[in-house]
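Since every read-out is calculated from the coordinates, none of them should be taken as a lab result. Everything quoted here is computed from the prediction, not taken from an experiment. Neighbour counts run over all protein chains shown; Cβ positions are idealised from the backbone, glycine included.
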Amino acid sequence: MLVSVLASGSKGNCTLIKTDTKNILIDVGMNLKYLCEKLKETNTAIEDIDYIFITHSHKDHTAALKTIIRRYNPTICIGQKMLMEIDGLDDYKDIIILVDDVTIDDFEVGIIKTSHDVIESNGYIITYNNSSVVYITDTGYINNKYFKKIYNKTLYIMESNHDVEMLMHGSRPAWVKKRVLSDKGHLSNMASSFYLSKLIGNNTKYVILAHLSQENNTEEIALNTLKNTLDEYNVEFNNIFIAKQNEKTENFII
């Protein structure tokens, strides 16, 4: 399985997952031109995308969806309530409504209910040939009931949105700060690092920190927070990468 984050941040998000036979995108929050260019770097064409999984309705996760379904007809995998918030899907036929964990073609999909300021939001576990990718962004917290489900997976793409001190002393309005810090906001570096310290196991090969705030975080702070937290909890792990807004990650083979 190949995994590459094509874009990650408040201006747009998209991740590619390739099995031997299927091409999957999680979110399509950048413009179509950008997505096509980055997909080409993985020898993948946009018309070859089989499935698009949507985490939630915000534009930085859905911006190109209407254009893609009009031109290329992939299957959209989405929660039932998300349909109420995303335009252009009312008459679209190729939709899989995600209610519970499911097997689709040659891969398995686990669903993690996240907590964001939308009617419904999901994280996903994509499993193929005994390797699993956990994708969790745009959530104020991770429910304890999911810890066993997402423990010791091969690759984690985990939100590490903000440094709390930078956010609190930054220029954003008070209501925005309150939203970001709430249970329906975003994971801070500290929260993300704590979760990862409990989730990383012997089977874990890579961690990719995602959805970093451009105003209230830096790559160095996010990375150091995670490293310090892992040290605190005696977790030895070094394969940590940062997803960027306008630059794809390397291709991770798992």
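Summary of values
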{"item": "Enumeration of residues in region 116-175 that are of a type in the set (Gly, Ala, Ser) and within 25 Å of Ile253 (Cα to Cα)", "result": "Gly123, Ser131, Ser132, Ser160"}
{"item": "Selection within region 112-133 - without any contact (Cβ under 8 Å) to a residue 60 or more places away in the chain, under 19 Å from Met1 (Cα atoms) and either of a type in the set (Val, Ile, Thr) or loosely packed, with under 14 Cβ neighbours inside 10 Å (or both)", "result": "Ile125, Thr127, Asn130"}
{"item": "Criterion (hydrophobic (A, V, I, L, M, F, W, C) and either farther than 21 Å from Glu250 by Cβ or surrounded by 18 or more Cβ atoms within 10 Å (Cβ to Cβ) (or both)) met by exactly one of Leu2, Leu39", "result": "Leu39"}
{"item": "Residue count, region 33-62 (criterion: in contact with an Asp or Glu (Cβ under 8 Å, 6 or more places away or on another chain) and among the basic types (Lys, Arg))", "result": "0"}
{"item": "Residue among Leu32, Leu2 that alone is within 16 Å of the chain's Cα centre (by Cα) and more than 26 Å from Thr218 (Cα to Cα)", "result": "Leu2"}
{"item": "Residue in region 231-253 that is in a helix (DSSP H, G or I) and within 21 Å of Thr15 (Cα to Cα) present", "result": "no"}
{"item": "Residue list for region 191-219, filter: in a helix (DSSP H, G or I) and among the acidic types (Asp, Glu)", "result": "Glu219"}
{"item": "Matching residues in region 181-190 - criterion: being part of a helix (DSSP H, G or I) and crowded, with 22+ Cβ neighbours inside 10 Å", "result": "Asn189"}
{"item": "Filter pass, Asp101 being touching a residue at least 40 places away in the same chain (Cβ under 8 Å) and surrounded by fewer than 22 Cβ atoms within 10 Å (Cβ to Cβ)", "result": "no"}
{"item": "Unique match (being closer than 17 Å to Val3 by Cα and surrounded by 13 or more Cβ atoms within 10 Å (Cβ to Cβ)) among Glu108, Glu85", "result": "Glu108"}
{"item": "Members of region 144-165 found to be more than 24 Å from Phe107 (Cβ to Cβ) and exposed (fewer than 14 other Cβ atoms within 10 Å of the Cβ), listed by number", "result": "Asn144, Glu165"}
